[in-house]
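S.K.: One structure coming up, written as structure tokens, with questions to follow.
The values are calculated or read from the model by the stated rules, or taken from the named source; none is laboratory data. This structure is a prediction, so every number in the text was calculated from the model and none was measured. Glycine also receives a Cβ, built like all others from the backbone with ideal geometry; neighbour counts cover every protein chain displayed.
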Amino acid sequence: MDEKKLLYQKKENTMFSFIVASKNPMLLFRWYKHFVLSVCTHDNFLKNFVTSDESLIFPDFLLKLNQMKEFYFKTHPYHDVRYFETFRSKSRQDYLFHSGATKRHHYGMHYFCLAVDMTKWFNNSHHWNLDYDLLRRTGNSISITSLYPFEECHFQFLPVPMQNDFFDFANQSIRCLQDLFSLKIDGDIGPITQGAILFNIDRLNEYFGNLESQIKHKIEDDKLK
Ligand SMILES: [Zn+2]
């Protein structure tokens, strides 16, 4: 095995140990893969734009949101429920922070595609007048978190008390990725890290493939113990 491959393997192991030490390794793995391959490579990733693409939402979360909407339509079959914002870039978060629209600086759950803002669509525009009460109650029953009463249009995948642990995990994942490409390790995906991701998509697919089979093996082994 050549030297470069060995080095990669060592770096993969760091991420592996880190993921399997968590309570839900497969969930975190799925998130990590989605974030790197689908979110970081998106056109709006570094831009100050509103992004409403449904495809950016973490798939496990989207599944729950669809369940929530399905239930909602039983009461309001004619509401056109839309996402005003799914992903939110760091530059947009900064912009909102400086204009006083949010108290959160740099990034939040939207950045990691674990939050959405929901609206009703009519007359070709978004309106903040869904039956948020019903959405919140339905969401609650399938553990979707609402930021009621502060921001009733906002729904997220994780409960607020878990956010900081998640941010630590996300930061560590980004650092591992930067280490993989021997970039400056600062936990921040700027143009250089994004460029490295885009340039190494094949290599990354291999990386995630290896990581996934290692994690699955570990889970199977633990079951046998
Ligand atoms: Zn929001």
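S.K.: Which one of these is in the same structural domain as THR193 (by TED's automatic domain parsing) and at pLDDT 95 or above: LYS11, LYS33, LYS69? Steps first, please.
M.R.: On the way: LYS11 fails: at pLDDT 95 or above; LYS69 fails: in the same structural domain as THR193 (by TED's automatic domain parsing).
After ruling out the rest, the residue left standing is LYS33.
S.K.: Further, regarding this structure: Does the range 187-198 include one or more residues that are of a type outside the set (Phe, Trp, Tyr), out of contact with any Gly (no Cβ under 6 Å at 6 or more places or on another chain), outside any helix (DSSP H, G or I) and within 16 Å of the ligand (Cβ to nearest atom)? Before the answer, list the steps.
M.R.: Restricting attention to the range 187-198, the residues satisfying the condition of being of a type outside the set (Phe, Trp, Tyr) are 187-198.
With out of contact with any Gly (no Cβ under 6 Å at 6 or more places or on another chain) added as a condition, the list becomes 187-198.
Then keep just the ones that are outside any helix (DSSP H, G or I); that gives 187-190.
Filter once more, keeping what is within 16 Å of the ligand (Cβ to nearest atom): none.
No, the range 187-198 has no match at all.
S.K.: Moving on. Return the only residue of LEU183, LEU158, LEU177 being of a type in the set (A, V, I, L, M, F, W, C), outside any helix (DSSP H, G or I) and under 20 Å from ALA21 (Cβ atoms). Let's see the steps before the verdict.
M.R.: Values: LEU183 fails: under 20 Å from ALA21 (Cβ atoms); LEU177 fails: outside any helix (DSSP H, G or I).
The unique qualifying residue is LEU158.
S.K.: Return the total of residues in the range 69-116 being touching a strand residue (DSSP E or B) at 6+ places or on another chain (Cβ under 7 Å) and within 15 Å of LEU134 (Cβ to Cβ).
M.R.: Result for the range 69-116: 4.
S.K.: If you scan the range 63-82, which residues turn out to be of a type outside the set (Lys, Arg) and part of a strand (DSSP E or B)? Steps first, please.
M.R.: Let us first name the residues in the range 63-82 that are of a type outside the set (Lys, Arg), namely 63, 65-68, 70-73, 75-81.
Once the filter is applied, which keeps residues that are of a type outside the set (Lys, Arg) and part of a strand (DSSP E or B), the range 63-82 yields only VAL81.
For (1) in contact with a helix residue (DSSP H, G or I) (Cβ under 7 Å, 6 or more places away or on another chain); (2) in contact (Cβ under 8 Å) with a residue 24 or more places away in the chain, each residue gets a yes or a no:
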| position | (1), (2) |
| --- | --- |
| LYS74 | no, no |
| THR86 | yes, yes |
| SER89 | no, yes |
| HIS98 | no, no |
| THR102 | yes, no |
| THR119 | no, yes |
| PHE122 | no, yes |
| HIS126 | no, yes |
| ASN129 | no, no |
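S.K.: Only one of SER89, SER17, SER99 is hydroxyl-bearing (Ser, Thr, Tyr) and within 21 Å of LYS218 (Cα to Cα). Can you tell me which? Before you say what the answer is, go through the steps one by one.
M.R.: Values: SER89 fails: within 21 Å of LYS218 (Cα to Cα); SER99 fails: within 21 Å of LYS218 (Cα to Cα).
Unique residue meeting the criteria: SER17.
S.K.: I've got another one for you. Does the range 104-124 include one or more residues that are aliphatic (A, V, I, L, M), under 25 Å from GLY187 (Cβ atoms), within 15 Å of the ligand (Cβ to nearest atom) and part of a loop (DSSP other than H, G, I, E, B)?
M.R.: In the first step, residues of the range 104-124 are kept if they are aliphatic (A, V, I, L, M); the result is 109, 114-116, 118.
With under 25 Å from GLY187 (Cβ atoms) added as a condition, the list becomes 109, 114-116.
Checking the rest, the ones that are also within 15 Å of the ligand (Cβ to nearest atom) come to 109, 114-116.
The next check asks that each one be part of a loop (DSSP other than H, G, I, E, B); those that pass are 109, 114.
Within the range 104-124, one or more residues are aliphatic (A, V, I, L, M), under 25 Å from GLY187 (Cβ atoms), within 15 Å of the ligand (Cβ to nearest atom) and part of a loop (DSSP other than H, G, I, E, B).
S.K.: Do we find that PHE155 is within 14 Å of the ligand (Cβ to nearest atom), more than 22 Å from GLU70 (Cβ to Cβ) and in the same structural domain as ALA101 (by TED's automatic domain parsing) in this structure? Before you say what the answer is, go through the steps one by one.
M.R.: Numbers: within 14 Å of the ligand (Cβ to nearest atom): yes; more than 22 Å from GLU70 (Cβ to Cβ): no; in the same structural domain as ALA101 (by TED's automatic domain parsing): yes.
Judged against the criteria, PHE155 is not a match.
S.K.: Between a first residue in the range 138-164 that is within 20 Å of PHE87 (Cβ to Cβ) and without any contact (Cβ under 8 Å) to a residue 40 or more places away in the chain and a second residue that is part of a helix (DSSP H, G or I) and away from the ligand (no atom under 13 Å from the Cβ), which pairs have beta carbons less than 6 Å apart while being 6 or more apart in sequence or on different chains?
M.R.: Between residues of the range 138-164 that are within 20 Å of PHE87 (Cβ to Cβ) and without any contact (Cβ under 8 Å) to a residue 40 or more places away in the chain and residues that are part of a helix (DSSP H, G or I) and away from the ligand (no atom under 13 Å from the Cβ), the close pairs are SER146/ARG136; SER146/GLY139.
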